[in-house]
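Enquirer: Starting off with a structure, shown below.
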Amino acid sequence: MDRPLEGVIRRFEESFARRPTHAAHAGGRVNLIGEHTDYHDGFVFPAAIDLRTAVAGAPREDGVIRIRSTRASDEAQARVGALRIPVVVDWRAYATGPFWALGEKGYPVCGADVLVDGDVPLGGGLSSSASLQVALVGLASSLAGAALPAPEVASIARLAENGYCGVPCGIMDQMASACGREGHALLLDCRTLGWEAVPVPSGWALVIADSGVKHALGTSEYGRRQQECAQGLEVIRRRHAGVRALRDATMEMVQEASGELEARLVRRLRHVVSENRRCLEARDAMLRGDSPQMGALLAASHRSLAADYEVSCAELDLLVELAAGMAGFLGARLTGAGFGGNTINLVASERALLFAETLAESHASRTGRRIDTRVVRPSDGLSVIQV
Ligand code: ADP
Ligand code: MG
């Protein structure tokens, strides 16, 4: 059996004193490149990773849903058919959201006892929220007897996060978490939801470094970036009605619109348009195993996020700067929405472990603060089993 599932099944039994009927696990994710492009119908290039959320459950006849987590002291409780959008969004909202979203989409939902376990850092930009909700949609649909294909699970999990938890996220996290493939990154077209699994060259390893800054500030700024881009898009659309989203815009169009836009808005547009292009170039670089080009694209992405989209912070910039001189380094950038969370480092495989240690040490000697760094592996997405 899958290793993450043995633990959650045992803990379910300890917690509920019964046997689970189903269990599931789904990946956290890193985004290699393509940041703040998903909600512009653009391209992203994430991978599910071996930090996972695992869930186990058994149906209940009385329509009650009880969810416990090894990372929370209280229990989430709800009743099938009586879930209302919560006023306070805490972990219980994340846990019950998938049941609400399944109902909204017309899928059957049954009462259940559920236990959640996982090792994706919370609020670290590695998408613990999507991995939790993808795993729960996979579990809840199987408990109700209607297992769903992974992309549909992703879309229901996104509805839970958008519509129930009130987080205006795109589809990237859920798609990566649900559809990831071992040893691959997914080039995902956020307009069509079509994706291509691209093998990560065996000589490349991924090292994440946690800035230790929670990305809480991100939520309000995230909404602001969406508004800023919507304003910019409107100006472009006056000349180019065929541009439905920034994914369709070119640098020339941004240039044309710049006379009518504040400089800040021009920078926002420039990030999105250039990042989309970088994302496609990164796919080609990966297919060629071209590490200098891939490294250059990661560096350009970070600069654009910092200077144009203004979603970096001093801690993330420092991590990128420290990594750049180290043995095995190929490229680095912030990953996730920014304002904290992790950086992703592309590193020569044979140097990966040492790189992770050295980066933590060099950060400690610069700041006096220890941070977590670790090698992560591109992994499979959602897996659901009958126990
Ligand atoms: P990220 O997705 O980057 O980790 P978010 O703020 O989007 O950060 O989501 C984190 C939230 O998801 C947590 O604060 C918690 O409410 C919920 N969550 C994720 N995993 C778990 C878990 N294993 N147990 C309980 N809550 C979880
Ligand atoms: Mg999240």
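The values are calculated or read from the model by the stated rules, or taken from the named source; none is laboratory data. This is a predicted model, so every value here is computed, not measured. Reconstructed Cβ throughout: ideal geometry from the backbone, glycine too, with neighbour counts over all protein chains shown. For the accessible areas, the whole protein counts, side chains as well, though only heavy atoms, and no ligand, DNA or RNA atoms are used. Shrake-Rupley method; radii C 1.70, N 1.55, O 1.52, S 1.80 Å.
Enquirer: So how many residues does region 334-370 have that are within 16 Å of ligand 1 (Cβ to nearest atom) and farther than 17 Å from G203 by Cβ?
Expert: Number of matching residues: 10.
Enquirer: Can you tell me which of (1) under 28 Å from L305 (Cβ atoms); (2) open to solvent by 10 Å² or more (accessible area, probe 1.4 Å) is the one R84 doesn't meet?
Expert: So the condition that R84 fails would be (1).
Enquirer: Please state which of the following conditions S142 fails to meet, knowing it meets all the rest: (1) buried (at least 24 other Cβ atoms within 10 Å of the Cβ); (2) at pLDDT 95 or above.
Expert: (1)
Enquirer: Let me ask you something else. Failed condition for V207, given (1) part of a strand (DSSP E or B); (2) out of contact with any Phe, Trp or Tyr (no Cβ under 6 Å at 6 or more places or on another chain), with all others met?
Expert: The number of the failed condition is (2).
Enquirer: Kindly indicate the residue of region 59-92 that is within 26 Å of D119 (Cβ to Cβ), part of a strand (DSSP E or B) and among the charged types (D, E, K, R) and also nearest to ligand 1 (Cβ to nearest atom) among those meeting that condition.
Expert: R68
Enquirer: Taking the criterion of being more than 16 Å from ligand 2 (Cβ to nearest atom), free of Cβ contacts under 8 Å to residues at least 60 places away in the same chain and at positive phi, would at least one residue in region 124-146 satisfy it?
Expert: yes
Enquirer: Moving on. Looking only at region 162-189, count how many residues are within 16 Å of ligand 2 (Cβ to nearest atom) and either touching a helix residue (DSSP H, G or I) at 6+ places or on another chain (Cβ under 6 Å) or within 24 Å of R278 (Cβ to Cβ) (or both).
Expert: 15
Enquirer: In region 78-114, what residues are more than 25 Å from P151 (Cβ to Cβ) and within 22 Å of the chain's Cα centre (by Cα)?
Expert: Hits for region 78-114 are V89, D90, W91, R92.
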